[in-house]
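Here's the structure we're looking at; comments come further down.
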Amino acid sequence: MRRLIRQDFDRAFEEVDVIASPVTPTTAFKIGELADDPLAMYLTDIYTIGANLAGIPGISLPCGQSREGLPIGLQLLAAPFEEERLLRAARMYERETQWHTQRAPLG
């Protein structure tokens, strides 16, 4: 399975330098909100698992806020051993936006 996932990413990186995707399928939840629902907690990481299985570098960045002021994440992925390219893309995104300076309300 890992080999098939890696091959899909390898084909994608023949066409693009970096892949952008959401970090989670939903916006952030409040601290402790899903403590009694381990399946829901697991599913919040579902979009980040592909990079781990394929062995490719990834980084998540804030890219917005929900109506409640909770952070929304953007995930950038790069080809194997392209960490420099990935970090450069992340820095360019941060330079053009101010989401990384916003803070979510606590409590």
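Just so it is clear, none of the values below were taken in a lab; they were calculated from the coordinates. This one's a predicted model, so the numbers in the text were calculated from it and none came from an experiment. With ideal geometry, Cβ positions are generated from the backbone for all residues, glycine too; neighbour counts draw on all protein chains shown.
So what does the Cα-only Debye profile of region 50-107 read at q = 0.13, 0.16, 0.18, 0.20 Å⁻¹, as log10 I(q)/I(0), no solvent term?
Taken in order of the listed q values, log10 I(q)/I(0) reads -0.40, -0.57, -0.67, -0.77.
Just to confirm the filter: which trypsin sites (Lys or Arg not before Pro) across region 27-107 are DSSP coil and have at most 14 other Cβ within 10 angstrom of their Cβ?
Numbers: sites: Lys30, Arg67, Arg85, Arg88, Arg91, Arg95, Arg103; in loops: Lys30, Arg67, Arg103.
Passing sites in region 27-107 are Lys30, Arg67, Arg103.
Per residue, what volume in Å³ does the Cα convex hull of the chain take up? Don't skip to the end; give the middle numbers.
Numbers: hull volume 11.5 nm³, N = 107.
Normalising the Cα hull of the chain by residue number yields 107 Å³.
So if I take the alpha carbon set of region 1-64, get Rg, then get Rh from the Kirkwood formula, what is the Rg over Rh ratio? Don't skip to the answer; put the middle values down first.
Details: Rg = 14.1 Å, Rh = 13.5 Å.
So for region 1-64, dividing Rg by the Kirkwood Rh gives 1.04.
Which FRET efficiency value, to the nearest 0.05, do you get for Leu43 and Glu83 by plugging their Cβ-Cβ distance into 1/(1 + (r/R0)^6) with R0 = 22 Å? Numbers along the way, then the final one.
Details: r = 28 Å, r/R0 = 1.25.
Approximately 0.20, to the nearest 0.05.
For region 9-107, which GluC sites (Glu not before Pro) pass both filters: DSSP loop (anything but H, G, I, E, B) and at most 12 other C-beta atoms within 10 Å? Working shown, then result.
Working: sites: Glu14, Glu15, Glu33, Glu68, Glu82, Glu83, Glu84, Glu94, Glu96; in loops: Glu14, Glu15, Glu33, Glu68, Glu82.
The qualifying sites are Glu14, Glu15, Glu33, Glu68.
Test of understanding: what is the full-extension gain from Thr101 to Asp36, defined as 0.36 nm times their sequence separation minus their Cα-Cα distance? Provide the component values of the computation, followed by the final result.
Working: separation 65, 0.36 × 65 = 23.40 nm, distance 3.11 nm.
Extending this stretch completely gives an extra 20.3 nm.
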